[in-house]
Amino acid sequence: MGSLGEEQDGRALMEEALLENKSGGPYTGDGSVDYHGNPVLKIHSGNWKACAFILGTECCERLAYFGIATNLVSYLTKELHKGNVEAARTVTTWSGTCYLTTLIGAVIADASWGKYWTIAVFSTIYLIGMSALTLSASFPALQPPKCAGSICPEASPVQHWALYIGLYLVALGTGGIKPCVPSFGADQFDDTDASERVRKGSFFNWFFMCIYIGSFVSSSFVVWVQDNCGWGIGFGIPTFFMALAIGSFFAGTPLYRFQKPGGGPVTRVCQVVVASFRKWKVCVPADSSLLYELPGNGSAITGSRKLVHINDLRFFDKAATITDLDEAENVSNPWKLCTVTQIEELKTLIRMFPVWATIIMFAVVYAQISTTFVEQGMVLNTTVGSFTIPPASLSTVIVISVILLVPLYDTFFVPTAARFTGNERGISQLQRIGIGLFISVLAMVSAALLERKRLKTSKSNAGDVDQMSILWQFPQYFLVGAAEVFTFIGQSEFFYEHAPDAMRSLCTSLALITTGFGNYLSSFILAAVTYLTARGGEPGWVPDDLNKGHLDYLFWLLAGLSALNLMVYVCCAMRYKSKRAY
C-alpha cells in the first residue's frame, strides 16, 4: 500500500507488536490486555473460565428482562385497564426501544469506555429502572382502582408516568449492555489461536442457551408469581436477579481479557464519506497497492487488524487516493485522507446492510410471542386438569425447544453437516439465518390455522371459548423457538464474525436493532390493520373481543410478508462479500 510521511510510524510499530504475537506464545495474539492494561497470559485468563461469569451475568439479566417483558401485556390489560391493541402497541414500542438503545451502548463502548465499563454503568441504570418499576406495581396509589363489573377506570397520568419511567430506564440500561455482553464474551477467545477460535463458535450457542434458561424461569415461575401472588413481588424477583447479574459480572474481573477501544466508529465512517466527496473528481488508481495505508502489519486504528482491499464500492476508495496536495502537506488528515482499513470498515457495513434489513421481518414474527400469541391464548381454555396455565407462560415452549435444540445443533448437526459441506461450523452463518427465516413462515402459518379453527369452534358453540385447549398453541411456539436457534444465533455470530475488529460492539448492536425495528414494524402493521379494518362499525381484525374479529387474517398477512422477505434475503445472501483481515 502507499504511505504518507513518517509521523505515524511509531504508533504503527506499537500496533504491530501487539498483533504479531501469534498463537505459539504464552500471550494472546489479538492485542487483548488484562485489567491493568498489560499483555495477557492465555493460561491465566479468558476462555471458558472467564466466560462462566459472563454467561452467569447474561442468564440473570435475561431472567430480569423477560420477567418484565413476557407478561407485560397482561399487566397492562388487567392492572392498567388498557385495550388489546393499545397494550400490544405499548409492549412492542417499549421492546423496540430496548433494542434501538443498543446503538448508544455500542458507540460508547467502541469509542471510549470499552465494553467492560459500558456494561458496568448501564447495568446500574438498568437496576434503578427495575427498582422503579417494582415500586410502581407495589403502591396502590400508583395503580388505578379495580374494575367494578365491566367498568374499569383508566390509569391517571401520574400512574402512567410511574410505569413509563421505570420501563424506559430499563430500556436504556438493557440497550446499553446488550451489544457489549456477547462481544465481550467472544473477546475472551483469541482469534489467532485455532483451538480458541473453534471454542468461540460454540460460545454463541451456549450464550443463547443461558438466555433461554433465564427466559424459562421468567416465563414459568415468575409469570406464575405475577398472576397468583401479585405484581409487586412479581417484579421484585426480576429486580433481585438483575442485582445478582451485576455481582456475577464484577466477580470475573481478574480473569477477563480486554480489547482497547479503537475510537469513534461513527466518526471514522463520517471521515471516509467526507474525504470521498472532497475527492469526487479524483480518479482511483487501478493498482490498489497505491492506495494509502500504514506500513507494516500495524493498523492506524487502535486494537484493529488491517483489512484487505476489496474491489467494490470503488467510490469510497477515493478517500485513500493520494493526491499531490496530500504529498505536499506530508500530514495525514483523516478528513482528507483515510487508510484502506478505515474505508473497508465502511464497505463492510454497507455490505451487511441488505442482510440486516431482511432479518427485520423475522423480528416482527418474534414480536407476536408477547402480544398476539398471548392475546390468542387468553381466549383459549387455559385449564389443563387441575392446573391453570397463564397464557404468557406458554413462551416456555420456546425456551424448552431452544434448550433441546442448541445441544443437538452443536453436538450432532454441526459435525454431521461438516462432513458434507467441509465447513467447520456445518453450514455458513447466512445459510443458518435463511433456514430460520423459513421456519418462521411455518410458525405464522401454524398460528393462522389454529386461530381459524378456534373461530369456527367458538361460533359453532355460541361463543364458548373454552372448547379448545391452550395446548394447541404448542406448535407455533415450538416453531418460533426452532427458528431462533437458526436465525437469532446465526445473526449474532454473523455480525460479530464479519465485523471489523474496532466495530464489534457496533455490529453486534446492528443485529439487536433488527429486533427493535421488528417491534416498531409490528406496531405499525397492527395500527394499519386496525385503521383499515375497523371502519363503519366493523370490529376489525383485532378487536378487544377476538371472537368478533379475524386474528387469523393478521397471521396470514405476516406469513405472506415473511415468505416474500425470505426470497429477498436469499438474493441478498448470495451477493454478500465478506471482509478479509491480514
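The values are calculated or read from the model by the stated rules, or taken from the named source; none is laboratory data. Quick caveat, the model's predicted, so the values are computed rather than measured. Reconstructed Cβ throughout: ideal geometry from the backbone, glycine too, with neighbour counts over all protein chains shown. To get the accessible areas, we keep the full protein, side chains included, count just its heavy atoms, and leave off ligands, DNA and RNA. Shrake-Rupley method; radii C 1.70, N 1.55, O 1.52, S 1.80 Å.
For the subset of region 471-495 comprising residues that are among the hydroxyl-bearing types (Ser, Thr, Tyr) and over 15 Å from SER183 (Cα atoms), which member is surrounded by the fewest Cβ atoms within 10 Å (Cβ to Cβ)? Looking at the filtered set, the residue picked out is TYR477. Taken residue by residue, region 500-512 has no member that is crowded, with 19+ Cβ neighbours inside 10 Å, part of a helix (DSSP H, G or I) and modelled with pLDDT of 90 or more. Quick check: anything in region 94-116 in contact with a helix residue (DSSP H, G or I) (Cβ under 6 Å, 6 or more places away or on another chain), outside any helix (DSSP H, G or I) and modelled with pLDDT under 90? Checking region 94-116: at least one residue is in contact with a helix residue (DSSP H, G or I) (Cβ under 6 Å, 6 or more places away or on another chain), outside any helix (DSSP H, G or I) and modelled with pLDDT under 90.
Go through region 347-389 and give me each residue that's open to solvent by 10 Å² or more (accessible area, probe 1.4 Å) and not in a helix (DSSP H, G or I). If the condition is that a residue be open to solvent by 10 Å² or more (accessible area, probe 1.4 Å) and not in a helix (DSSP H, G or I), then VAL379, ASN381, THR382, THR383, VAL384, GLY385, SER386, PHE387, THR388, ILE389 are the ones that fit. Filtering region 346-361 to residues that are closer than 17 Å to PHE277 by Cα and charged (D, E, K, R) leaves only LYS347. The residues on offer are ALA148, ALA106, ALA155, ALA120, and the sole one that is within 18 Å of TYR496 (Cα to Cα) and either over 20 Å from the mean Cα position of the chain (by Cα) or open to solvent by less than 50 Å² (accessible area, probe 1.4 Å) (or both) is ALA106. Within region 185-209, residues that are without any contact (Cβ under 8 Å) to a residue 40 or more places away in the chain sit with their Cβ atoms under 6 Å from residues that are buried (at least 21 other Cβ atoms within 10 Å of the Cβ) and in a helix (DSSP H, G or I), at 6+ positions apart or across chains, in these pairs: LYS200/ALA186.
Condition check ((1) within 28 Å of HIS498 (Cα to Cα); (2) surrounded by 21 or more Cβ atoms within 10 Å (Cβ to Cβ)) across all residues:
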{"residue": "SER220", "(1), (2)": "no, no"}
{"residue": "VAL266", "(1), (2)": "yes, no"}
{"residue": "VAL273", "(1), (2)": "yes, no"}
{"residue": "ALA300", "(1), (2)": "yes, yes"}
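Note on region 522-570: residues that are open to solvent by 60 Å² or more (accessible area, probe 1.4 Å), in contact (Cβ under 8 Å) with a residue 24 or more places away in the chain and not aromatic (Phe, Trp, Tyr) total 5. On the stretch given as region 190-229, residues that are under 23 Å from PRO415 (Cβ atoms) and of a type in the set (Gly, Ala, Ser) total 4. When each of GLY426, GLY434 is tested for being open to solvent by less than 20 Å² (accessible area, probe 1.4 Å), farther than 30 Å from ARG268 by Cβ and in a helix (DSSP H, G or I), the lone residue that passes is GLY434. Residues that are small (Gly, Ala, Ser) and modelled with pLDDT of 85 or more were ranked within region 419-446; the one that is farthest from ALA363 (Cα to Cα) is SER428. The conditions of being part of a helix (DSSP H, G or I), among the small types (Gly, Ala, Ser), under 23 Å from the mean Cα position of the chain (by Cα) and buried (at least 21 other Cβ atoms within 10 Å of the Cβ) are met by GLY166. Restricting attention to region 179-211, the residues being outside any helix (DSSP H, G or I) and crowded, with 23+ Cβ neighbours inside 10 Å number 5.
Meeting the requirement of 1 or more residues that are among the aliphatic types (A, V, I, L, M) and within 29 Å of ALA111 (Cβ to Cβ), the helices (runs of 4 or more DSSP H) wholly within region 212-327 are 231-251, 265-278.
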